[in-house]
Amino acid sequence: MIDGIKAILTDNLEEIRNNPLIDFEIPAKISVQTGELKNQDFPVAKYKGLFLIDKGSCIVVKGSIHVMNNDGKHNYNKFGLSEIHLALYEMANNLKIVTNFAKLKNIEFGVNLLIDYEPRLFLNSLIFHKGKGFTFQTGRNMQFRECSHSQFYIKVYDKGLQNGLNQFILRFELKFIKMEKINGFGIKYLSDLLNPQNLKKLRTELLRIYNEILIGDLSVVPEKLLEKDKILFANGHNGNYWDTRLPRTKNFEGGETSKIYRRKIRAYSREMNKFKDILNETGADNRKILIRELIESESDNLISKTINILDQSPKCLELTVSETLGATQEMSRIDQVEDLITVEDKEKELSRNDTLLYSGKNTHTDNSSINECIVTELDISMQKPGSRFLCTDGIKFYKENNPEIWLMLWKRLSSNWHGCVEEVQIQEIHHSIRNEYFNKIHNTRRSINKIMNDPALFNQLYLIHPDKLEIAGLTCKTL
């Protein structure tokens with residue numbers, strides 16, 4: 001579903017620059033005017049169709065993550081949520097890109113549709129979108145139409161022809177060059193693309209804009225129409241017709257408040273609606289309806305492949321070797337984690353079963369005055385009273401309000417978790433904090449028990465430092 005991206009990297013830059021898998025070089029270009037060989041301004045590294053441009057204070061990564069996922073070869077196959085996980089995992093693991101802090105500047109998203117007729121027939125049916133016509137580019141391996149707006153482009157083309165396939169594949173996509181609207185969906189960083197709810201929002205936007213496009217079908221013969229409607233049917237299939245008839249505010253004194261402008265824009269809308277009615281009456285909108293159904297089903301499949309798993313309790317993407325694919329190919333597997341139990345509940349449960357470790361004296365003191373995490377020493381006053389550890393609510397608070405602390409907490413994650421959805425990473429940070437405390441208790445207790453269980457001529461208890469006994473929640477009496 002996601003194709004091209006452009007993101008700004010400001011973290012982990014030295015590790016990216018020193019990565020042995022890529023090589024930053026200063027490329028040269030030949031001036032068209034003079035033929036002079038000139039060096040580009042910034043070093044550039046290539047990786048499977050991605051370009052990394054080192055600008056000193058940041059690194060810009062751009063290109064198709066769909067192509068990268070296919071080893072830099074193509075982007076005509078399906079690319080859904082599972083594949084996005086795999087691609088971002090590869091970027092995090094191989095390129096050392098911190099996806100949580102890779103800020104998106106451009107994004108392309110859309111679907112490849114397998115159809116049973118030549119895509120050019122649909123391309124020829126595209127007429128108009130929101131006061132803009134479609135350009136048409138053709139070539140040996142290209143049949144491409146585009147409608148440009150200030151914040152985004154609509155791109156529709158023959159993907160099968162582009163890749164020399166013997167299949168009819170139509171690509172419909174949007175490219176956002178300004179991210180205001182996309183940011184409003186909660187998509188600001190590369191890692192936000194791992195959230196299926198965010199992909200649903202992109203799917204909704206894709207369908208909304210598709211619905212707005214004026215699409216006809218000149219192959220339909222409008223025999224039963226009135227003569228004036230036949231004329232509108234013919235004229236309406238020409239984008240220039242609507243472009244020349246569209247009232248522009250700049251041409252009217254007072255702009256949108258001008259009575260003449262408002263009268264003309266109402267007349268324009270009536271004529272447009274009449275044309276749409278004619279398309280519906282003649283069946284000339286059938287092609288648009290069928291393509292919309294394909295966009296709906298294909299985009300839904302791309303997201304829902306793993307959405308049931310991810311919505312429950314997601315775990316980081318794992319890479320496994322599939323015997324059916326061969327040892328050199330990898331497939332993604334997203335596993336569920338077991339239901340989470342709160343720290344307080346786990347402590348209570350363990351205290352009932354093991355009074356040695358979880359005695360009332362050691363673990364159930366009055367915590368109402370505690371305002372700091374006992375592991376990180378960070379303020380946790382934003383959490384519920386009595387909290388002992390920095391939990392998910394507190395971690396989310398620091399993410400939204402203190403980027404420096406969030407980065408410090410994020411560094412607790414191993415690289416295995418870098419390609420995961422943010423919700424999972426927050427849970428894992430919480431687990432690492434909790435485990436740092438409890439593992440110390442468990443490990444110390446196991447060491448003490450091992451000593452006490454070994455045969456000895458004398459009581460070894462008194463050789464164990466009292467601080468160790470206290471950490472393990474043990475006393476001479478309990479032993």
Specify which of the listed residues (L218, L206) is over 21 Å from E422 (Cβ atoms) and modelled with pLDDT of 95 or more. L206
Taking I209 and the conditions (1) part of a helix (DSSP H, G or I); (2) more than 23 Å from F152 (Cα to Cα); (3) in contact with a His (Cβ under 9 Å, 6 or more places away or on another chain), which numbered condition does it fall short on, given that it satisfies the others? (2)
Residue count, segment 102-120, condition farther than 23 Å from K78 by Cα and surrounded by fewer than 20 Cβ atoms within 10 Å (Cβ to Cβ), comes to 2
Of (1) part of a helix (DSSP H, G or I); (2) within 20 Å of the chain's Cα centre (by Cα), K175 fails just (1)
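Return the only residue of D379, D393 being closer than 30 Å to S82 by Cα, modelled with pLDDT of 85 or more and acidic (D, E).
D393
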Just checking, how many residues over segment 53-101 are part of a strand (DSSP E or B) and either buried (at least 22 other Cβ atoms within 10 Å of the Cβ) or modelled with pLDDT under 90 (or both)? 2
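The values are calculated or read from the model by the stated rules, or taken from the named source; none is laboratory data. Owing to the predicted nature of the structure, the values given are computational and were not obtained by experimental measurement. Here the Cβ is made from the backbone with ideal geometry for all residues, glycine too, and neighbour counts use every protein chain on show.
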